1. Helix 344-365 versus the longest principal axis of the chain: what angle, 0 to 90°, nearest 10, using Cα atoms?
2. Taking all pairs of different Cα atoms in the range 1-89, averaging 1/r and flipping that mean, what Kirkwood radius in angstroms comes out?
3. How many angstrom lie between the C-alpha centres of the range 93-110 and the range 56-74?
4. Given a Förster distance of 30 angstrom, what is the FRET efficiency for residue 203 paired with residue 123, based on the Cβ-Cβ distance and rounded to 0.05?
5. Give me the number: length gained by fully extending residue 232 to residue 254, i.e. 0.36 nm times residue separation minus the C-alpha to C-alpha distance, one decimal in nm.
6. Using the alpha carbon gyration tensor of the range 25-136, what are the three equivalent-ellipsoid semi-axes (square root of 5 times each eigenvalue), largest first, in whole Å?
7. Please tell me the relative contact order of the range 154-250 in percent, rounded to the nearest whole number, where contacts are Cα pairs under 8 Å and at least six residues apart.
8. With the crude spin-label approximation of a point 7 Å out along Cα→Cβ, what separation in nm comes out for residue 286 versus residue 266?
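Coordinate-derived values only; no laboratory data. Fair warning: this is a prediction, and the values are worked out from it, not measured in the lab. Positions of Cβ are backbone-derived with ideal geometry, glycine not excepted, and every protein chain shown enters the neighbour counts.
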């Protein structure tokens, strides 16, 4: 048997063990996450038209996003379990005795996870955002008869005898509390005969402290033979729209595709508004495949040595400690980069580089 053929068989052996463990871990993590979400939705069952069937449908629509979110943990823990299973059966020791280095074995694990990571990244850019958008539209329509989400994410609501439209919404955490913002606002007011009597356009509307404000607003009143227009940089908006209910229409940055994030960043920058939150999410998403593969690769050395005699609980503990540690490390570095004005791309690149440096230092000492 040639060296190339032997290495190919080794990669196949490692892939079968690791991918089987990853798939099982992934299924368990997503199942637990979806079940807990369903339990949480049961608390809203009975509100308006929101029944058990729609609660289940809502959770099912969010499964692609949960698959995307949980894959990193599944890859790390499943990789440890799969390689640990080879260690427990003696196959890992046999591979080492045959001259295969620890670095080469860990590279086989990363290679096995690479194709799966590409597929999961595609899910995160397509099915996950689409599923979340449909889930939110279903939930919003079921919980309120007066609010709905149209195709493309635009919001439509009835406010007494008025009809309100907004292109999108978001929340901001300020020193005075959480603030709701609507962008591209249009308010249509009709007379008793159903004719348009007032049209208000605003770049955005904000809700804070129980009060609505329109910014860069234009109010046009239509008479029988003419129209009067009033411009105002800011005006009070006497609206009964429920801000808590409207918050259901907001897509979290973590659930948006990189394309949508990029479009939002350009829009905010064009309007001179703060876009750092979206930039952080954008670069985090772009570096997602690298972070998953590096984290899984750097965890694999724990499957050697002492873990040969360790059990399932020990491997799970190591995996969780690594995942939590990497999460806090990445969050701390990204936050520091925001404070000191460093580019988010650099902030998201530093944690994987630190792990890679630590891993190669290990491999140099323990070849």
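1. Value to nearest ten degrees: 10.
2. Result for the range 1-89 stands at 15.3 Å.
3. After rounding, the separation between the Cα centres reads 33 Å.
4. Numbers: r = 35 Å, r/R0 = 1.16.
After rounding, the FRET efficiency stands at 0.30.
5. 4.4 nm
6. On the way: eigenvalues 315, 48, 8 Å².
Largest first, the range 25-136 gives 40, 16, 7 Å.
7. 21 percent.
8. 1.4
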